[in-house]
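Below is one structure, written out as structure tokens; the observations come after it.
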Amino acid sequence: MLKPSLYQIQAFVAAGYEILGVMGMDGSPNCGISRTCLGFTGGEICSQVDIARQKELLVTAPGRGVFMGILEEMLAKEKIQLLFWAVDEEQAV
């Protein structure tokens, strides 16, 4: 799923563009930058399972969300270093 984004970033770098960084949403299980969400079903509430139990088990933890962690690894393999910035989900309006 991230390969098209990686290819686009590679093309921008090859064309000489300056990429300021990657923006993610802290608290997201996929797009968290410095804080992610973990829980009963990987951080997502699912109506097919006891919602109250899932809500009880949800926690935020330091670290990258799944997509951002994988994107960072993919960029590192290509020797592309970018800054990662976070919008705080709890502070978003």
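Just so it is clear, none of the values below were taken in a lab; they were calculated from the coordinates. Just so it is clear, the structure is predicted and the values come from calculations on it, not from any experiment. Virtual Cβ from ideal backbone geometry, glycine too; neighbours counted across all protein chains shown.
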Those residues of the range 17-38 which are in contact (Cβ under 8 Å) with a residue 60 or more places away in the chain and of a type in the set (D, E, K, R) amount to ASP26
When residues of the range 19-35 are filtered for being under 8 Å from the mean Cα position of the chain (by Cα) and polar (S, T, N, Q), how many remain? 2
Could you please tell me which pairs satisfy a Cβ distance under 7 Å, a separation of 6+ or placement on different chains, a first residue in the range 77-89 that is under 25 Å from GLY27 (Cβ atoms), and a second residue that is acidic (Asp, Glu) and assigned to a strand (DSSP E or B)? ALA86/ASP26; VAL87/ASP26; ASP88/ASP26; GLU89/ASP26
